1. Tell me which residues, restricted to segment 113-138, are closer than 17 Å to His162 by Cβ and of a type in the set (Lys, Arg).
2. Output the qualifying pairs, or none if there are none: Cβ atoms under 9 angstrom, residues six or more apart or on different chains, first residue in segment 103-127 and aromatic (Phe, Trp, Tyr), second residue surrounded by 12 or more Cβ atoms within 10 Å (Cβ to Cβ).
3. List pairs: first residue in segment 133-151 and farther than 18 Å from Lys184 by Cα, second residue charged (D, E, K, R) and at pLDDT below 95 anywhere in the structure, Cβ distance under 6 angstrom, at least six positions apart or on different chains.
4. Within segment 145-194, restricting attention to residues that are in contact with a Leu (Cβ under 8 Å, 6 or more places away or on another chain) and assigned to a loop (DSSP other than H, G, I, E, B), which residue is farthest from Lys108 (Cα to Cα)?
5. Under 8 Å by Cβ, and 6 or more places apart or on different chains, what pairs join a residue from segment 62-76 that is under 19 Å from Leu44 (Cα atoms) with one that is at pLDDT below 95 and of a type in the set (S, T, N, Q)?
6. Of all residues in segment 35-46, which are more than 16 Å from the chain's Cα centre (by Cα) and aliphatic (A, V, I, L, M)?
7. Answer with yes or no whether Gly198 is more than 12 Å from the chain's Cα centre (by Cα), surrounded by 20 or more Cβ atoms within 10 Å (Cβ to Cβ), small (Gly, Ala, Ser) and assigned to a loop (DSSP other than H, G, I, E, B).
8. Return only the number of the condition from (1) under 18 Å from Leu151 (Cβ atoms); (2) at pLDDT below 90 that Asn67 does not satisfy.
Amino acid sequence: MNKGYISLFIFCIALLLSNHVDSLEAYDESGSGFDKTAYILNDLSFVYPGIILTDPDIDTEWKPVTNTSILWVCSKKYHFFLGIDRSNGVVFLISSVAVGRNTGQKQKVGDMRTPEGKFTVSMIQDASWWKPYEDKKTGERIGYGPFFIRLDTGKWKGIGIHGTDEGHIAEIGTNASHGCIRLKNIDLVRVVDYSMVGQEVVILP
C-alpha cells in the first residue's frame, strides 16, 4: 500500500470518528485522540492483517453482545488502550495507559519493558486486597488497583493489565510501569466488565 492510500485511510477514519468526540474523555486532553486512534488501527491492520474484518467505527456507548468477540489493543507508542468489538468493528472503549518504563521489546526479566505481540487473557484476579509492589529503584510502593488481568505472554511471567493508586495517577499516559499495562481504576473496571479468559490482547510497539 503506498503512502497516498495510507494517508487517505487515516483521513477517512478520523472523519468517521469525529461524530463521537463529546463522549470520549481520553480525547479531551490533547485534542489529537482521533488521530492517535486512527494511527493505532492502521498499525494494527499492517501488523495483523485481517484481525478486524470490518471498517472500524467508534462508539463508547456501544455494549458488545458477547465478550467472545472482543479484541483488546494496547499501543505503547501512543499510550492508548482500545476495546474493539470484532463482530462489527466498533471501538467501544478507549483509555490512556502507562506502559513499561523502558522502550522496545522485552528482552529479559526485570528490564521494565512491556512485551509486544499477540497474547491471551489467562486469568482475571481480584487484586483489591493485594499489597502494593515496591519499585526497587525508587523505593516507591505502587498499588495494583481492584483487578489484575493476567496475560499469557509465553516465557514472561507476571505481565498483566491492572489499575493504580491515587499517588501514581499522573503516570498514566507515560512510560512508568515495570512491564505491565496500567490504567486508571475507573477504566480498568470497565475493561473487566467485558473481559474473559481466552480473549486476544495485542500489544503494539
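The values are calculated or read from the model by the stated rules, or taken from the named source; none is laboratory data. The structure presented is a predicted model; accordingly, all values stated were derived computationally and were not measured. Neighbour counts are summed over all protein chains in view; Cβ atoms, including those assigned to glycine, are modelled from backbone coordinates with ideal geometry.
1. To start, the set of residues in segment 113-138 that are closer than 17 Å to His162 by Cβ comprises 113-115, 119-135.
Result: Arg113, Lys131.
2. Every condition considered, the pairs that remain are Phe119/Leu151; Phe119/Asp152; Phe119/Thr153; Phe119/Ile159; Phe119/Glu200; Phe119/Val201; Phe119/Val202; Phe119/Ile203.
3. As it stands, the answer is Glu134/Arg141, since those pairs meet every condition given.
4. Among residues in segment 145-194 that are in contact with a Leu (Cβ under 8 Å, 6 or more places away or on another chain) and assigned to a loop (DSSP other than H, G, I, E, B), the one farthest from Lys108 (Cα to Cα) is Tyr194.
5. Listed by first residue and then by second, the contacts come to Ser69/Ser87.
6. Those that are more than 16 Å from the chain's Cα centre (by Cα) and aliphatic (A, V, I, L, M): none in segment 35-46.
7. no
8. (2)
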